[in-house]
Amino acid sequence: MLERTGKDLGRTRQVYTHAEVLEFCSAALSRETMEADAHNIAFCPYSIAVYVLPQEPGKVYVSYRRLATGGSGRSAKALGAVEKLLEDIVREALR
């Protein structure tokens with residue numbers, strides 16, 4: 001998308017050589033998170049980014065958005081569980 005839109009904007013710098021954002025939901029965790037606080041909808045779907053920078057062609061980066069764990073105790077606990085899921089997935093992928 002960045003390459004395509006960059007051309008329309010007159011931008012030519014290559015930001016990534018490869019990049020993909022994987023989005024998903026966990027039905028059980030999502031339900032718990034939204035029941036804890038309906039405003040938590042902004043965190044769903046959950047995403048993990050995998051990308052390579054042009055200046056570091058042999059290095060693959062894996063990242064995810066850290067979730068705010070503020071709010072009520074139930075909301076913080078639910079968001080903490082989602083963040084742990086994301087961390088576990090990334091750690092498993094990096095083995």
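Every condition in (1) open to solvent by 30 Å² or more (accessible area, probe 1.4 Å); (2) in contact with a helix residue (DSSP H, G or I) (Cβ under 6 Å, 6 or more places away or on another chain); (3) not acidic (Asp, Glu) holds for VAL82 except the one numbered (1). Which residue is farthest from TYR46 (Cα to Cα), if the candidates are limited to region 12-34 and must be loosely packed, with under 13 Cβ neighbours inside 10 Å and touching a helix residue (DSSP H, G or I) at 6+ places or on another chain (Cβ under 8 Å)? If we take residues in region 12-34 being loosely packed, with under 13 Cβ neighbours inside 10 Å and touching a helix residue (DSSP H, G or I) at 6+ places or on another chain (Cβ under 8 Å), then THR12 is farthest from TYR46 (Cα to Cα). Identify all residues within region 21-34 that are touching a residue at least 40 places away in the same chain (Cβ under 8 Å) and within 18 Å of LEU94 (Cα to Cα); write none if there are none. Hits for region 21-34: nothing passes. Screening ASN40 on (1) in a helix (DSSP H, G or I); (2) modelled with pLDDT of 95 or more; (3) in contact with a Leu (Cβ under 9 Å, 6 or more places away or on another chain) shows it passes everything except condition (2). I want to confirm something. Restricting to region 52-79 and keeping residues that are free of Cβ contacts under 8 Å to residues at least 12 places away in the same chain and loosely packed, with under 12 Cβ neighbours inside 10 Å, which single residue is nearest to GLU20 (Cα to Cα)? Ranking the candidates gives LYS59 first.
Counting only residues that are of a type in the set (Val, Ile, Thr) and within 18 Å of ASP88 (Cα to Cα), which one in region 35-51 is least open to solvent (accessible area, probe 1.4 Å)? Spell out the reasoning first.
If we filter region 35-51 for residues that are of a type in the set (Val, Ile, Thr), which is where we start, we get 41, 48, 50.
Then keep just the ones that are within 18 Å of ASP88 (Cα to Cα); that gives 48, 50.
Numbers: ILE48: 12, VAL50: 52 Å².
This residue is ILE48.
The listed residues are LEU85, LEU29, LEU22, and the only one of them that is in a strand (DSSP E or B) and among the hydrophobic types (A, V, I, L, M, F, W, C) turns out to be LEU22. ARG91 fulfils the conditions (1) under 11 Å from the mean Cα position of the chain (by Cα); (2) loosely packed, with under 13 Cβ neighbours inside 10 Å; (3) not in a loop (DSSP other than H, G, I, E, B) except for a single criterion, (1).
The values are calculated or read from the model by the stated rules, or taken from the named source; none is laboratory data. None of the values given here were measured: they were computed from a predicted structure. Please note: Cβ atoms are built from the backbone with ideal geometry, for glycine as well, and neighbour counts cover all protein chains shown. Heads up: the accessible areas ignore ligands, DNA and RNA and are worked out on the full protein's heavy atoms, side chains in. Shrake-Rupley method; radii C 1.70, N 1.55, O 1.52, S 1.80 Å.
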